[in-house]
């Protein structure tokens, strides 16, 4: 599936009402999309094995959406083929203080030790 439909040019203003929430790209049936998903899940599992064996690179997936937008279901569905021992899932809150100037600034919620970690990409 081409992703150009989902890219918003920097500085552009969008209206969600102009986007069809039922957009399915070139997939005409649920079975067709499910077959592609199964194929991609197998590929993802293969790539996870390669990344783990290399012990050099990692894959960072960020899902950003409002509550009840389906992030948990997406994680369960798409990541169903990977080894859960090789994954980490974290929820993030808005960065605070001077950390917000970065386009990709995330703050991990406080851990049980009270420590807060910020990531800037």
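Observations
- Extended-chain gain in nm, criterion 0.36 nm per residue less alpha-carbon gap, residue 35 and residue 54: 3.9 nm
- Once the mean of 1/r is taken over each pair of separate Cα atoms and inverted, region 4-89 shows a Kirkwood hydrodynamic radius of 15.7 Å.
- FRET efficiency estimate (nearest 0.05) - Cβ-Cβ, residue 93 to residue 26, R0 41 angstrom: 0.65
Every number here is computed from the coordinates shown, using simple stated rules; none is lab data. All values reported here derive from a predicted model rather than from experimental measurement. Every residue, glycine as well, gets a Cβ built from its backbone with ideal geometry; the counts of neighbours run over all protein chains shown.
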